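*Asks:* Here it is, the structure, as structure tokens.
The values are calculated or read from the model by the stated rules, or taken from the named source; none is laboratory data. Worth saying up front: this structure is predicted, and the values here are computed from it rather than measured. In this analysis, Cβ positions are derived from the backbone assuming ideal geometry, glycine residues included, and neighbour counts consider all displayed protein chains. With ligands, DNA and RNA removed, areas are computed over all heavy atoms of the protein, side chains included. Shrake-Rupley method; radii C 1.70, N 1.55, O 1.52, S 1.80 Å.
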Amino acid sequence: MNSTMALCLMLNDRLFHNHVENSYLHIDTMVNTRRNGLAVPNRSLLQLQRDHVASEMDFSWQPLGAGRPSDAARGIMTNGVTCYQVSVLQTLLHQPPFMRWILMHNSTNLPCKINPCIACYLKQLVAQYWDGSNPANPVDYNHNDPQSIDNTACNSGLFGNGEQEDAGLFYMWLLDELYHIGDNVPKAGSPYGIRWKPQLDALYRLTIQRLDTCIPCGYETPGPLQHDWSVDLGVLATHTDIQQAITHDLNEQIQKRCQRCGQNNPAQTIRRRRIAAAPKILCCRFMIVLPTGKIFHTLRYPEILNLQNRQEINTLPLNYRLTGVVSHRGGGLKGGHFIASVRGRRTGQFTCINDNNKASITLPQFLANPVQPPGRLCGPNAKFQAYMLMYERDDRLRQMPARPGKDGGKKRLRREMRALQG
Ligand SMILES: [Zn+2]
Ligand SMILES: [Zn+2]
């Protein structure tokens, strides 16, 4: 390990464990890039750390093991109520960064020391889903992977056995479970690796910095960093587009006594939330269940989601490409039905998957909300609304202030990491 990496790991540890106390540490120790003689911050240190971890990971799509050459999706059988699980699993099974990462778990293939181990079940599911089987044949529920995942979920106490539950909650639970595997893995030299948590953070963790600004006097107060697995978006009747929901989620006017001018009037402080560190894969979840009941939204969402100006330091582009959608119909998240639409990773073929059934769809159908699955899947009048959107960060989409070069910006990252030492 070189000294830059050591420093990076050390800072990462410090930042992560003391993130509330040191919420602005990464601002003070910002890496700067000299431009026109001025120091210009490009990314927060936390973002640079995540990107450095990510730059050492494999995000490529390739057939697995003796896998079939086709990237055609397969259905997954349910036990009748596990649509909330398989719809989420389908999106993970179309995320090469996730799959390549989970396949590294327990690489010796000796019996895993963790039991039950959700990482092992997911690893087996990835291998089975993409094995040499005819993709027309769905993955069995009774094959031990989907059933073991279901059993582990129900044994957590969060999900009722034989009950339909919330796909969003299942997703959060799954990432939490994976994260806590990092508490148990043996340390250096083990086949589990020592960077399990930083890697999961690089893949899925969204970190938000809060900043309160007094409108009359301009006094700014930073708040604590907030770490999430998703951005949860409230939906207003006036919203037509996901960017409006994001703006609404990230900005609010509040009442707060100003430490400088002393004003304490309603709506005279702006609370802004900005991305301090963006993950490789971002889940946007629409909050469609309110205390008053379920709402139906038809918000548009783009294939490429531009979040550049949502960053705390917004000099560099931040773009995401849509790779999966979980949709819901019915009266509440514990009822109704969940389905998934996914992007094929080699051919770019889009597929709508309803449990064990599937059908090809077009890009406009992939982006349509309400989602209307092809007839044989859900009936001619079935209208599903988008519930969770899975976006994958793609830095090739960015228009850099400085050209990223052929290596996708790795050289630039190394240069900036070197600057950490000097
Ligand atoms: Zn395991
Ligand atoms: Zn003030």
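*Asks:* Looking at ALA202, ALA188, which one is more than 16 Å from ligand 1 (Cβ to nearest atom), modelled with pLDDT under 95 and among the aliphatic types (A, V, I, L, M)?
*Replies:* Exactly one residue qualifies, and that residue is ALA188.
*Asks:* Considering each of THR207, THR269 in turn, give the residue that is under 24 Å from GLN49 (Cβ atoms) and either over 25 Å from the mean Cα position of the chain (by Cα) or of a type in the set (Ser, Thr, Tyr) (or both).
*Replies:* It is THR207.
*Asks:* Something else about it: Out of region 337-381, which residues are small (Gly, Ala, Ser) and either outside any loop (DSSP other than H, G, I, E, B) or in contact with a Cys (Cβ under 9 Å, 6 or more places away or on another chain) (or both)? Give the steps one after another, and end with the answer.
*Replies:* We begin by selecting, within region 337-381, every residue small (Gly, Ala, Ser); these are 340-341, 344, 348, 359-360, 368, 375, 379.
Passing the criteria: ALA340, SER341, ALA359, SER360, GLY375.
*Asks:* Here is a further query. Report, by residue number, each residue of region 107-129 that is under 17 Å from TRP173 (Cβ atoms) and open to solvent by 70 Å² or more (accessible area, probe 1.4 Å).
*Replies:* First, the residues of region 107-129 that are under 17 Å from TRP173 (Cβ atoms): 114, 116-122, 125.
Within region 107-129, just PRO116 meets the criteria.
*Asks:* Follow-up question, since we're still on this one. Please determine, by comparing only the residues of region 314-336 that are open to solvent by 10 Å² or more (accessible area, probe 1.4 Å) and in a strand (DSSP E or B), which one is nearest to GLN47 (Cα to Cα).
*Replies:* Residue satisfying both the conditions and the ranking: ASN319.
*Asks:* How do the pairs read when you match residues in region 333-345 that are under 16 Å from LEU89 (Cβ atoms) with residues anywhere that are outside any loop (DSSP other than H, G, I, E, B) and open to solvent by 40 Å² or more (accessible area, probe 1.4 Å), using Cβ under 6 Å and keeping only pairs 6 or more apart or on different chains?
*Replies:* Taking only residues 6 or more apart or on different chains, the pairs are HIS337/ARG329.
*Asks:* From the list TYR121, TYR84, exactly one residue is modelled with pLDDT of 90 or more, hydroxyl-bearing (Ser, Thr, Tyr), within 16 Å of ligand 1 (Cβ to nearest atom) and within 22 Å of the chain's Cα centre (by Cα). Which is it?
*Replies:* TYR121
Residues are listed down the side, and each one gets a yes or a no for (1) closer than 26 Å to GLY344 by Cβ; (2) among the hydrophobic types (A, V, I, L, M, F, W, C); (3) part of a helix (DSSP H, G or I):
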| site | (1), (2), (3) |
| --- | --- |
| ASN79 | no, no, no |
| TYR84 | yes, no, yes |
| PRO97 | yes, no, yes |
| TRP101 | yes, yes, yes |
| MET104 | yes, yes, no |
| ASN115 | no, no, no |
| TYR121 | yes, no, yes |
| ALA127 | yes, yes, yes |
| SER148 | no, no, yes |
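*Asks:* Applying the selection to region 264-294, what residues are over 24 Å from LEU200 (Cα atoms) and open to solvent by less than 10 Å² (accessible area, probe 1.4 Å)? Don't jump to the end; show me each part of the working.
*Replies:* At the first step, the residues of region 264-294 found to be over 24 Å from LEU200 (Cα atoms) are 264-272, 287-294.
Within region 264-294, THR269, ILE288 qualify.
*Asks:* Report whether or not GLN226 is more than 16 Å from ligand 2 (Cβ to nearest atom) and in contact (Cβ under 8 Å) with a residue 40 or more places away in the chain.
*Replies:* yes
*Asks:* Let me ask you something else. Looking at region 129-153, I want the residues that are charged (D, E, K, R) and have a partner that is open to solvent by 60 Å² or more (accessible area, probe 1.4 Å) and not in a loop (DSSP other than H, G, I, E, B) with Cβ atoms under 7 Å, at least 6 apart or on another chain. Which pairs are those?
*Replies:* Sorted first by the residue in region 129-153, then by its partner, the pairs are ASP145/GLN124.
*Asks:* Give region 47-62 a look and list any residue that's under 11 Å from PRO198 (Cα atoms) and either without any contact (Cβ under 8 Å) to a residue 24 or more places away in the chain or open to solvent by 50 Å² or more (accessible area, probe 1.4 Å) (or both), or say none.
*Replies:* Answer for region 47-62, where residues must be under 11 Å from PRO198 (Cα atoms) and either without any contact (Cβ under 8 Å) to a residue 24 or more places away in the chain or open to solvent by 50 Å² or more (accessible area, probe 1.4 Å) (or both): there is none.
*Asks:* Take ILE254 and decide whether it is surrounded by 13 or more Cβ atoms within 10 Å (Cβ to Cβ), within 16 Å of ligand 2 (Cβ to nearest atom) and over 19 Å from the mean Cα position of the chain (by Cα).
*Replies:* No; evaluated as a whole, the condition is false for this residue.
*Asks:* If the requirement is being over 21 Å from the mean Cα position of the chain (by Cα), modelled with pLDDT of 85 or more, under 28 Å from PHE338 (Cα atoms) and not in a helix (DSSP H, G or I), which of these qualifies: ARG68, ARG74? Walk me through how you get there before you give the answer.
*Replies:* Values: ARG68 fails: modelled with pLDDT of 85 or more.
Answer to the selection: ARG74.
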